[in-house]
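Step one of this worksheet: look at the structure below.
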Amino acid sequence: MLAVVLASVALVVGACGDAPPSATPPIVAGSSASPREVNIIAKDYAFLPDALDLVAGETVLLHVINGGLEVHEAVLGNAAVQAAWEVAEAATAGQPPGPTPVVTVPADVAGLRIVVHSGERVDVVWTVPADAAAQATAWAVGCHIPGHWARGMQIPVRWVPAEGAARSAS
């Protein structure tokens, strides 16, 4: 009996690791007068949800919550943005108490960066660039504290039309 239970648990756990991001529920795009509230939870070393659904041009109120023990960041942007922050943060490796908001990148590849300490919640009102979904490279949310990106602390941004049908995972 124990072998059957262990085999079942192993099957379920194995299936969860490679699952695609969950389906996009219908959403109403936020506006400057009424931003759509979006939660991003940072853990050691993952984000919840498993994909971030955004409408190009909408205004969102991001609630970034750090449920982990280490400082984390949520960097939103395309591949150039993610690469710029990975390089900038690499310079902080081994420097206690860890990276700080003074780490910078050039404005043209800055994206949006939110630093959140353990147990903290940071709220940011942000208008998604109107051309974001049309950019040539995929967008993601990533943490570039040294070693975090490499450990898989990244999720894709999915571009969703206001009526809720998913267009692409880019």
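The values are calculated or read from the model by the stated rules, or taken from the named source; none is laboratory data. Given the structure is predicted, the values throughout are model-derived calculations rather than measurements. Because the Cβ atoms are built from the backbone with ideal geometry, glycine has one as well, and the counts that use them run over all protein chains shown. Side chains are part of the model used for accessible areas, which takes the heavy atoms of the whole protein and leaves out ligands, DNA and RNA. Shrake-Rupley method; radii C 1.70, N 1.55, O 1.52, S 1.80 Å.
Details
- With all protein chains in place and ligands, DNA and RNA left out, the 1.4 Å accessible area ranks His63, His117 as His117, His63, largest first.
- Contact order relative to length of the stretch 30-170, as percent, for alpha carbon pairs under 8 angstrom and 6 or more apart: 33
- When nucleic acids and ligands are ignored and a 1.4 Å probe is applied, Ile65 ends up with an accessible area of around 50 Å².
- Heavy-atom accessible surface of the stretch 36-111, averaged per residue, reaches 43 Å², computed with a 1.4 Å probe.
- Of the residues Val60, Val122, ranked by 1.4 Å probe accessible area with the largest first, the sequence reads Val122, Val60.
- Working from label points 7 Å from Cα in the Cα-to-Cβ sense, the Ala134 to Gln95 distance is 3.9 nm.
- When the surface is traced with a 1.4 Å probe over the full set of protein chains, Asp44 keeps roughly 60 Å² accessible.
- Relative contact order of the stretch 80-163, pairs being alpha-carbon contacts under 8 Å that are 6 or more residues apart, as %: 33
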